[in-house]
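> Submitted below is the structure of interest, expressed as structure tokens.
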Amino acid sequence: MLVTKKSLRVLPGFTLSLGLGVFYLSLVVLLPAITLVLQSLQISWDEFVFYITDPRLLSSFRVTFLAAGIATVLNLFLGLLLAWILVRYQFPGKKLVDTLIDLPFALPTAVAGLTLSALFAQNGWVGQLLVPFDIKISYTFIGIILAMVFTSIPFVVRTLQPVLEDLSPEFEEAAETLGAKKRQIFLRIILPHISPALMIGVALSFVRSLGEFGAVIFIAGNMPYETEVVSLMIFTYIGEYNYPAAAAVAMLILITSLLLLLAVQLLQNYYGKRHSRR
Amino acid sequence: MAVKNFTKKSVKGILTLLAVSLAFSASAAQEILNTSYDVSRELFVTINPKFQQYWKEKTGEDISVQQSHAGSSAQAAAILQGLKADVVTFNQSTDIDVLHQKGNFVSPDWRKKFPNNASPFYSTTAFLVRKGNPKNIKDWGDLARSDVKLVFPNPKTSGNARYTYLAAWIYANEAFKGDEKKIKEFVSKVLGNVVVFDTGGRGATTSFVDRAQGDVLLTFESEVNLIRKEYGTDKYDTVVPKISVLAEFPVAVVDSVVKAKGTEKVATEYLNYLYSPAAQDVLASFFYRIHDDKVKVAYAKQFPELKLVSVESVFGSWKDVNDKHFATGGILDQLLRQAKQ
């Protein structure tokens, strides 16, 4: 027979790279996740309920999710703005600004937290300017939001940049010739095009903010029931040698993050189908 | 062909590197790791060279002492998870007990291995206030006032802070003659006045000194005086209350590690050295209270008299303290909740 049974692949070495890729993913992602699940299974259901209904932990969930939510909304607008400026405009020092966007990725989060708390404390450079207005940033809820915005904004910017760059000008130009105003062009043409990337960036930003520890604890104040975040609670449980409780709480955060990312993926697929139908 | 050559070259390179590093490690001095609590950095920076000199004179060997500093519970957790510490110098005995309970890193009778319940030095909780004591803070009672803001670390993560909490309780226990409702009310008010809960002693120091938070910093007497010395006696004042908690600083050799490394002798000698007059002198100069009778006399002026109450005498065992007060949902959590309302 002249027809070969082996299917032709466009990419050479596909099976090997797939195998290696899955192996690496398993090591880095699946193994810790499975360990986490196994650790958390060590506590009985009653104990689990006891920890989950602890008002201090519930408060920390409230604080963390609320702060992450607000930070993510801020990142949505700020990140979009930053990406837009970096793609659509030329100005001296543009490359420098572009590199600085990656600073939160490169900086150890503890350093980020320390510098932010020093800057925004009441005797810090920025903090002292706000004292006459009676605005406190360090050691308050606002400080948490600030830390989360700082560490998560690169996610939004970096996921948007390539998509914005790819956006060919012909659609906008066509719309303009047909009489569309700038606002209409943005809302009807550009936004739908970038919304998948925007959604992913926003979801990543939210998930990252949920788990942020180093940057947050230096600026947060860590007052129980007020400015204590979930990652600090997990740290506290570990300090009490209560690894199962720590693992249980960590697993909750993990599941929330996974569900959120899954939801975004599904939304993307839905949007993708809608787009391609045109 | 090129691939084969490359592999040959890299194998040669790796073998050379291995041989060189082995040669280096063979000639390197013996090394021990002292895992300590957060605020003892400067102390051991001063003591370690003295010990190196002492050991060289005694045995002719070179010894290098590495240090690790963090909250003492975090350190104990690190050792449980594999940190190869030869000795531990902590600020709470519970953190050494857990090393025995969870994996037999130390022997059950570690307290008897060194004098004074394996505590070469001790301290207590004192207050650091701004110069001139503008809020007129004289004793524990003042800490519950509504116009006073406090800074001390998070009792959940810091041994230092746990002592502060217990000291406040001890004061209230005496002031209110054991009336538990009044004691809880007092401690709750104190907790409610805290401005920021850092994870460790140094974090709290930074918040008080560098970020100008709060009116009074509650930490070990040694740290209070050290801050004053470091940042200026013209900026801060020390207030030592009339009654406070006895904070013993226990030390232990991590048997499983030293047996594997072969450093048992030098590790034990290192801890014994902390009781020697030379080391006790250094400890006293760092404002730690010591047991050595002769050295005590020279430093008597810098240690005000106060009533030191041990944790065991008021609360029972440390295990009881942890279960009743510091565990999740315990008294500390309840009082924090009360303070918010």
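> Kindly put B:TYR236, A:TYR271, A:TYR243 in sequence by how many other C-beta atoms sit within 10 Å of each C-beta, fewest to most.
Fewest-to-most ranking of B:TYR236, A:TYR271, A:TYR243: A:TYR271, A:TYR243, B:TYR236.
> Between B:TYR231 and B:GLN334, with labels modelled 7 Å along Cα→Cβ, what's the label distance in nm to one decimal, could you check?
3.5 nm
> Could you state the number of Å between the C-alpha centres of segment A:114-145 and segment A:32-95?
22 Å
> Under 16 Å between alpha carbons, and skipping anything fewer than 8 positions from B:LYS242 in its own chain: which aspartates and glutamates qualify?
B:ASP139, B:ASP142, B:GLU174, B:GLU221, B:GLU305
> Here is a follow-up. Out of every Cα-Cα pair in segment A:21-134, what percent are more than 21 Å apart?
Value for segment A:21-134: 70 percent of Cα pairs lie more than 21 Å apart.
> What's the ranking of A:245-258, A:42-55, A:138-151, B:170-183 by average number of surrounding C-beta atoms within 10 Å, highest first? It would help to have the intermediate numbers written out before the result.
Values: A:245-258: 19.0, A:42-55: 13.5, A:138-151: 24.2, B:170-183: 16.5.
Most protected by this proxy first, the peptides run A:138-151, A:245-258, B:170-183, A:42-55.
> Need the full-extension length gain, B:GLN30 to B:VAL11, defined as separation in residues times 0.36 nm minus the C-alpha distance. One decimal, nm.
3.8 nm
> Arrange B:ASP86, B:ASP97 by Cβ neighbour counts within 10 Å, fewest through most, would you?
B:ASP97, B:ASP86
> I've got another one for you. Hey, can you rank B:270-276, B:90-96, B:52-58 by average C-beta count inside 10 Å, highest first?
B:90-96, B:270-276, B:52-58
> Counting only C-alpha contacts under 8 Å and six or more residues apart, can you give the relative contact order of chain B as a whole percent?
Across chain B, relative contact order equals 22 percent.
> Label 7 Å along Cα→Cβ of A:PHE105; segment A:174-200 residues with amide nitrogen under 18 Å?
A:197-200
> May I pose another question? Report the full-extension gain for the segment B:GLU264 to B:ARG145: residue separation times 0.36 nm, less the Cα-Cα distance, to one decimal in nm.
Value of the extension gain: 37.7 nm.
> On to the next question. Note down the relative contact order for chain A as a percent, whole number, built from C-alpha pairs under 8 angstrom at least six residues apart. Please report the intermediate quantities before stating the final value.
On the way: 285 pairs, mean separation 81.3, N = 278.
The value is 29 percent.
> Ok, one more. Mind pulling up the Rg/Rh value for segment B:268-332? Radius of gyration and Kirkwood radius, both on Cα.
1.16
> Something else about it: Across peptide A:112-125, how many C-beta atoms of other chains are within 10 Å of each residue C-beta, on average?
2
> Computed over the Cα atoms, what is the radius of gyration of segment A:45-273 divided by 2.2 N^0.38 Å, N being its residue count? Kindly include the intermediate steps, with their values, before the conclusion.
Numbers: Rg = 20.3 Å, N = 229, 2.2 N^0.38 = 17.3 Å.
Ratio of Rg to 2.2 N^0.38 Å for segment A:45-273: 1.17.
> Pop the C-beta distance of A:LEU78 and B:ASP293 into the FRET formula with R0 = 56 Å and round what comes out to the nearest 0.05.
After rounding, the FRET efficiency stands at 0.30.
> Let me ask you something else. Let me see the P(r) profile for the protein assembly as shown: every Cα-Cα distance counted, bins of 20 Å, each bin given as a percent of all pairs.
P(r) for the protein assembly as shown, in whole percents per bin: 16, 42, 30, 10, 1, 0.
> Right, here's the next one. Ratio of Rg to Rh for segment B:26-180, alpha carbon only, Kirkwood?
Value, to two decimals: 1.06.
> On to the next question. Cα centroids of segment B:268-333 and segment A:170-224: how far apart, whole angstrom?
55 Å
> Moving to a separate point now. Lysine pairs, Cα distance under 22 Å, 8 or more residues apart or cross-chain: how many in segment B:80-198?
Qualifying lysine pairs in segment B:80-198: 20.
> Would you mind giving the three semi-axes, in whole Å and largest first, of the ellipsoid equivalent to chain B according to its Cα gyration tensor?
Three semi-axes, in Å: 41, 23, 21.
> Another one. Quick one: compute a quarter of the convex hull surface over the Cα atoms of segment B:140-228 and quote it in nm².
Directional mean of the projected Cα hull area for segment B:140-228 stands at 5.4 nm².
> In addition: Return the distance in nm (one decimal) between the two label points of a simple spin-label model at A:LEU96 and A:VAL28, each offset 7 Å from Cα along Cα→Cβ.
Output for this residue pair reads 3.3 nm.
> Tell me, in nm to one decimal, what length is gained between A:LEU129 and A:ARG183 on full extension, where the rule is 0.36 nm per residue of separation less the Cα-Cα distance?
Full-extension gain reported as 15.9 nm.
> Go ahead and run the numbers for FRET between B:LYS135 and A:SER44, Cβ-Cβ distance against an R0 of 51 Å, rounding to 0.05.
Efficiency for this residue pair is about 0.55.
FYI, it's all coordinate maths here, none of it is from the lab. Source: prediction; values computed, not measured. Counting neighbours? That spans all protein chains shown, and the Cβs are built from the backbone with ideal geometry, glycine included.
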